[in-house]
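Novice: This is the structure I want to talk about, given as structure tokens.
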Amino acid sequence: ITMLEYILRRLLYMLITIFAVASILFVIFRLMPGDATLQVISPAMDEAVQQRMKVAFGLDKPLWQQYFIYLENLVTLEWGRSFVSAQTVTSILAYRFWNTLLLMTSGMCMTLVLGIGLGIVMAWKRNGPLDIGATVLGLIFQATPPFITGLLLLMILSYRLGFFPTGGMYPAGQRPDGILEMLLMPAFWERIVLPTITVGLYYITTPMLIMRDNMLEVLGSDYIELAKAKGLKPRVIMFKHAARNALLGVVTLASIMVGFAIGGQVVVESLFSWPGMGQLMVESAASHDYPVAQGTFLMLAILVISLNFITDVWYCYLDPRIKITSTGIS
């Protein structure tokens, strides 16, 4: 099959997966203990008022009809209103989503850039002090939970030395009008440093060690020996010939790492008071704000599924040895 057919097939699988996740969320939030409608429909209200509110929320219909209404609302982005603030779920998620994406992107950029770079150098200088030291430190950071690393950074760099603010995205009362204005605020960059380092240090070990192992395997290949025989400079051999082929394993891992990073955002955002989707997930679940919690889970699932799709397509582009067949890639 052609590349276009493969992309269309992967898109279809992605939509089916999103549909399955949305259906599971519908069931889970209706099986949870307690009545979520008590947040907006109080038993103290007049019975006629309660009935009118149930009709307004669609709760007077059978469960199977609610399910089809739910699917229709997902497609039209009518995800309901918050039980707490009465704002639309889509408007809340639109603000929180970009905040999470900014933090996740900065953390993953640090992880991949430093991890891949260190992995290349460690393989080139294998068994040296840098190789051994980076491996030991990487394993320590990987074994340390993010909240411990974040707390240590806050205690030393914020409370003790005062180099960075303790949390938030911007000073109180200075909320920017848009992303561009926020990116131009020096206070924003001061506040993103510590959560970025926390995320980066926790996930850096995996790409670093995988890149190192892949590089060692590639460096023993025949075409590397041929490049050395041609008299190419070591730097050219390392980056142009060895690193490019060793990078494929890290690309495959990137989408999985992003999925774990999104889950880890809950801890990091709560620790640094970062107003993202991770913090929103905790707040909405604690306040029984089920429309917001359901929308947050679904949005995060869509993000992970979409990144997996992009990774698959990018992997096919990077490695010319991969052949696309009717059963997938080989």
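Novice: Skip the ligands, DNA and RNA, and give the accessible area per residue of the chain with a 1.4 Å probe, whole Å². Numbers along the way, then the final one.
Specialist: Working: 18280 Å² over 330 residues.
Solvent-accessible surface per residue comes out at 55 Å².
Novice: So how do 212-223, 155-166 stack up, highest first, on mean other-Cβ count within 10 Å? Working shown, then result.
Specialist: Values: 212-223: 16.3, 155-166: 12.7.
Averaged packing, sorted descending, gives the order 212-223, 155-166.
Novice: For the chain, set up a GNM with springs between Cα atoms under 10 Å and report which of 199, 113, 75 has the largest fluctuation.
Specialist: The residue that fluctuates most here is 75.
Novice: Just how far, in whole angstrom, is the range 193-251 from the range 272-318 if you go by their alpha carbon centroids?
Specialist: Cα centres, the range 272-318 to the range 193-251: 30 Å.
Novice: Let me ask something else about it. Between 65, 265, 279, find the one with the highest GNM mean-square fluctuation for the chain; connect C-alpha pairs within less than 10 Å.
Specialist: Comparing 65, 265, 279 in the GNM, the peak value goes to 65.
Novice: Ok, one more. Rank these residues by their accessible area, most exposed first, probe 1.4 Å: 228, 233. Could you put the intermediate results ahead of the total?
Specialist: Details: 228 100, 233 145 Å².
The most accessible residue leads, giving 233, 228.
Novice: What's the angle, to the nearest 10 degrees (0 to 90), between helix 205-219's Cα axis and the longest principal axis of the chain?
Specialist: Its long axis makes an angle of about 30 degrees.
Novice: Same structure again: Tell me, what ³J(HN,Hα) does each residue in the range 156-163 have, in order and in whole Hz, if you take phi through Karplus 6.51 cos²θ - 1.76 cosθ + 1.60 with θ = phi - 60° and put x for Gly and Pro?
Specialist: So the Karplus estimates, Gly and Pro as x, are 7, 8, 9, 6, 7, 9, x, 6 Hz.
Novice: Measure nothing but the geometry: give the 0 to 90° angle between the long axis through the Cα atoms of 3-31 and the longest principal axis through the Cα atoms of the chain, rounded to 10°.
Specialist: Value to nearest ten degrees: 40.
Novice: Place a label point 7 angstrom from the Cα of residue 157 along the Cα-to-Cβ direction, then list the residues of the range 202-219 whose backbone nitrogen is under 12 Å away.
Specialist: Counting only backbone N, you get 202.
Novice: Something else about it: So how tilted is helix 290-318 from the main axis of the chain? Cα-based, degrees 0 to 90, rounded to 10.
Specialist: On a 0 to 90 degree scale, this one is about 30.
Novice: For the chain, please report how many Lys pairs fall under 20 Å Cα to Cα, leaving out neighbours fewer than 8 apart on the same chain. Don't skip to the answer; put the middle values down first.
Specialist: Details: 125/228; 125/233; 125/240; 228/240; 230/240.
Pairs that pass both the separation and distance tests number 5.
Novice: Calculated FRET efficiency, residue 285 and residue 223, Cβ-Cβ r, R0 51 Å, to nearest 0.05? Don't skip to the end; give the middle numbers.
Specialist: Working: r = 53 Å, r/R0 = 1.04.
Here the calculated transfer efficiency is 0.45.
Novice: When the helix-only estimate is applied to the chain (DSSP H runs of n ≥ 4, each -39,500 (n - 2.57), divided by the residue count), what is the mean residue ellipticity at 222 nm, nearest 500 deg cm²/dmol?
Specialist: On the way: 13 runs with 225 residues, N = 330.
Per the formula, -23000 deg cm²/dmol.
Novice: For semi-axes √(5λ) of the Cα gyration tensor in Å, one of [x] 43, 26, 23; [y] 34, 31, 17; [z] 44, 28, 15 was computed from the structure I shared and the rest are decoys. Which label?
Specialist: [z]
The values are calculated or read from the model by the stated rules, or taken from the named source; none is laboratory data. Remember, it's a predicted structure, so these values are computed and weren't measured experimentally. With ideal geometry, Cβ positions are generated from the backbone for all residues, glycine too; neighbour counts draw on all protein chains shown. All accessible areas refer to the heavy atoms of the entire protein, side chains included, with ligands and DNA or RNA removed. Shrake-Rupley method; radii C 1.70, N 1.55, O 1.52, S 1.80 Å.
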